[in-house]
Each structure stands twice: as structure tokens, then as C-alpha cells.
Amino acid sequence: MYRFPFSLDASAGPARATTLHLARGQVRTPVFMPVGTQGAIRTLPPALLASTNSQIILANTYHLSQRPGEKVVERHGGLHRFMDVSLPILTDSGGFQVFSLKKASVDERGVEFAYEVDGKRTFLSPERSMEIQQQLGSDIAMVFDECLGFGTDEGAARHSVDRTARWEERSRQAHTRADQSLFGIVQGGFWAQLRKRSAQQIRELDFDGYAIGGLSVGEGHALMCEVLDHTVQHMPEERPRYLMGVGRPVDLVEGVARGIDMFDCVIATRHSRSGMFYTWNGRLRITDRRYRNDMYAPDHQCGCPVCTRHTRAYLHHLFRVGEVLGSTLTTLHNLYWFNEFMTRMRESIESGPQAFEAFRRKVHEVHPATEVDEEPAYAQGAGAEGPAAPAPPGKKRRR
């Protein structure tokens, strides 16, 4: 297995600033990874990705294996040429997506399910997931694990933890690509003893990095933090730690406060398509009528190409008329903002515990855990040509 260099650069209590050295460049943490599910950051041309200061992005094994198929990607020379992206890429294993579907069966071999687009019967196993990810040619591949839904009982969770350990050992055995790192995933639901059990089992397999799965599934901020407290202490300090599918600013800072290095979530791009700007003064819904004649930048503290060139009034207009450029510009801003957010958090860690705690308090003040995860009225779906209906009240928007 390819073991990439990993260094601890600074710390502030459990919070860490680290550096991963990958084949296509170094990644300085804490880091937020934009999600390119279908081989693209939705609405954002590859030529604009550099303007966001992103260091590494994520693509989805499950979706790409269905359309266009990993063989098509491989014929392009791998994901990087397929997407026209030079940054490192992490691919998830497909496990999260498979276990969110109505599947036909789950057994020791793997999972058989129906693809949600056309109903095609598909089988995914640890070996198959590794085969796909090696053909995609990502810099970091994830093992195939069994994801647990919120509300799973303890007995089922214990059985799942042991199956996940067996599947991850099979993933390791099936992974042979020398230039691709492999990360293990800790599961265990919401039981401290099961999280410890899973972490110990996965740690023995000696992966290049370790992820925490099974969160951001409806448990809420407080329970997420409690599970992290039970889990991170059992994960290796000398390897990267990755919290999967979590991306609210308050969740990011609390994850870092507990020793997490890497994060991904669709929130930054999904909210962009409905006009939600993340700013240093809180979230801003550009579709609100108050911005119809507002000549200020979306965020006067932001140096991104959107905030230095465009007004709130112009961006409000784009969403009001259903112009897809509104989604593109908002995506560019939000990804820039999230990356700047992580950079400033790293700088606070480098400055010591007091600076990090001050940063942490400010995040709770501006982006509190009680912030409702909603989308405004002019939500633009893929290919939308005009304003869409408001999102139903209370509908979950997390990954």
C-alpha cells in the first residue's frame, strides 16, 4: 500500500494543523472537500475551480460506476483527465449511497440493489468497489463499509460493525494500486462501546487514513459531538482523520476541536443553487426582496471574484429570472468562503489554544448550531429555467 507522508504542523489542544503529501500535491488541513458527485462540481466549470482555492475534491464511486461507467473514465486516463482537474481527488466507496436506497438484499458477499434512475439491478461488494475506484484513478480511495441509519438498534449495529470490519479487510486485500491511498472507515452507530470496537478493528488493518462514518444522518449537532468524543480518542494520531458528510461551519469547527482533519459535504454547493451565501456575518439569502436594489457586495469581508465584482442586486436579479449564472456565481463564492474559513481556522490553531478558542466562539456566534438548514424560494434545480417552488418546511437538506 502506498503510504504518503503526513506531518503534524501545529496543535491547539486536540485541534490540529497537518499536511498530507499526495501524488498530485499537498493538502493542508483542516480542509473542506467540495463534492463533485457526477464527476463535476455542479454549475462550476473546471476553469473556475482554481478561483475557489480548493485543495482536494470528492467524486462518487456509485454514481460514476452507473453513468458513464468506470471503463469510460479509465479510457480518458482516469478521473483527473475526465474532469479536467489537476487537484487530488478522493472517491467514496459507494456505501453511503447504496444504503440510502431500497435494496434487494444485504449479505456477507455485499449488496444487491436497484439503480434509482433506471432500475438496473447492480451488485456492489468490497472487491467491486475497489475495482471501480482503482479504474477511476483517484488519489484516495475509501473502503466499502456498511452504513447504519439513524434509529438502528444496538444488536443490529453490533452485527454491522463486525461485518464492516470483514468488508474492510477484504477491501484492503483487493486494493493493489500503488499510487492510490486507502482510508478505512469507523462505524458503530451511537454507542460508545461499538465505536471503540470498530475503531480498534479498523486500526489493526493499518490504513493510510481513517474516516468516521454514520454521522450527519439526522442525529443533530449535540449527538454528533458526543459520538466524536467517543470515537476520535481511539483513532491513530499519526494518520489523517476524516469526518464524512459533515459541512455546517459549526460542525466543522467542533470536528476540528476534537481532532478531525478532513471534511466533505454537499451543503456548500447545494445551498448555492438556491441563492444561499455563507458570509462572515452569517448566511445571506440573496433571493430576499430586501436585496432587490442593494448595491453592496454579498460579503464586504470576502475577496472572492464574486464579492469584488458583483452586487447583491445583480445576484438577486439572476435568481429572480431563473438565470443559471446565479448558481455558478454563488457556488464560486461559497466554495471560496469555505476554503477561506478552513484557512483561518488553521491560522488560529497555529497561533495557539487561545486564538483557536476565540475563533471557535465566533463561529458559534455567527453560525450557531440552531441555524435552520433551509433553502430559499427561488431554488434552481439542475437545468431549471425559472424559479422553483419553495422547499417544504422542515425538509432535511444534509448529505
Right, Glu108: in contact with a strand residue (DSSP E or B) (Cβ under 6 Å, 6 or more places away or on another chain) and either assigned by TED's automatic domain parsing to the domain that holds Thr61 or of a type in the set (Gly, Ala, Ser) (or both) or not? no
Take the stretch 294-344 and flag every residue that is of a type in the set (A, V, I, L, M), surrounded by fewer than 17 Cβ atoms within 10 Å (Cβ to Cβ) and within 25 Å of the chain's Cα centre (by Cα). Val324, Leu325
Counting only residues that are closer than 21 Å to Glu219 by Cβ, touching a Ser or Thr at 6+ places or on another chain (Cβ under 6 Å) and either polar (S, T, N, Q) or assigned to a loop (DSSP other than H, G, I, E, B) (or both), the stretch 134-184 contains a total of 3
List the number of the failed condition for Gln97; all other conditions in (1) surrounded by 19 or more Cβ atoms within 10 Å (Cβ to Cβ); (2) free of Cβ contacts under 8 Å to residues at least 40 places away in the same chain; (3) over 30 Å from Thr330 (Cα atoms) hold. (3)
Going through the stretch 77-129 one residue at a time, which ones are in a helix (DSSP H, G or I) and either at pLDDT below 95 or more than 23 Å from Arg170 (Cβ to Cβ) (or both)? Leu79, His80, Arg81, Phe82, Met83, Gly95, Phe96, Gln97, Val98
Are there any strands (runs of 3 or more DSSP E) wholly within the stretch 1-66 with 3 or more residues that are touching a residue at least 40 places away in the same chain (Cβ under 8 Å), out of contact with any Phe, Trp or Tyr (no Cβ under 9 Å at 6 or more places or on another chain) and not acidic (Asp, Glu), and if so which? 6-12, 25-28
Given the criterion touching a residue at least 60 places away in the same chain (Cβ under 8 Å) and either farther than 19 Å from Glu108 by Cα or touching a Lys or Arg at 6+ places or on another chain (Cβ under 7 Å) (or both), identify the matching residue among Phe190, Phe150. Phe150
Number of the condition not met by Leu90 [criteria: (1) in contact with a strand residue (DSSP E or B) (Cβ under 7 Å, 6 or more places away or on another chain); (2) surrounded by fewer than 21 Cβ atoms within 10 Å (Cβ to Cβ)]: (2)
So which residues in the stretch 50-67 are exposed (fewer than 15 other Cβ atoms within 10 Å of the Cβ) and more than 20 Å from His21 (Cα to Cα)? Arg67
Considering only the stretch 195-280, give the strands (runs of 3 or more DSSP E) lying wholly within it that have at least 2 residues that are closer than 16 Å to Phe341 by Cα. 262-264, 276-279
Within the stretch 185-194, can you find the residues that are surrounded by 24 or more Cβ atoms within 10 Å (Cβ to Cβ) and not in a loop (DSSP other than H, G, I, E, B)? Ile185, Val186
Subset of the stretch 281-322 [of a type in the set (D, E, K, R) and assigned to a helix (DSSP H, G or I)]: Arg289, Arg290, Arg312, Arg320
Taking only pairs six or more apart or across chains, which ones have beta-carbon atoms under 7 Å, a first residue in the stretch 315-329 that is free of Cβ contacts under 8 Å to residues at least 40 places away in the same chain and assigned by TED's automatic domain parsing to the domain that holds Arg292, and a second residue that is surrounded by fewer than 16 Cβ atoms within 10 Å (Cβ to Cβ) and part of a helix (DSSP H, G or I)? Leu318/Leu325
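Residues checked against (1) modelled with pLDDT of 95 or more; (2) closer than 22 Å to Ser171 by Cβ; (3) touching a Ser or Thr at 6+ places or on another chain (Cβ under 8 Å):
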site	(1), (2), (3)
Ser198	yes, yes, yes
Leu215	no, yes, no
Gly220	no, no, no
Met224	yes, no, yes
Which residues, taken from the stretch 240-288, are more than 18 Å from the chain's Cα centre (by Cα) and among the polar types (S, T, N, Q)? Ser274, Thr279, Asn281, Thr287
Could you go through the stretch 135-157 and let me know if any residue there is at pLDDT 95 or above, under 23 Å from the mean Cα position of the chain (by Cα), surrounded by fewer than 24 Cβ atoms within 10 Å (Cβ to Cβ) and farther than 22 Å from Phe263 by Cα. yes
Considering only the stretch 5-18, I want to know if a residue exists there that is out of contact with any Asp or Glu (no Cβ under 7 Å at 6 or more places or on another chain), among the β-branched types (Val, Ile, Thr), surrounded by 14 or more Cβ atoms within 10 Å (Cβ to Cβ) and under 15 Å from Arg241 (Cα atoms). no
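The values are calculated or read from the model by the stated rules, or taken from the named source; none is laboratory data. Bear in mind the structure is a predicted one, so any value in this text is a computation, not a measurement. Every residue, glycine as well, gets a Cβ built from its backbone with ideal geometry; the counts of neighbours run over all protein chains shown.
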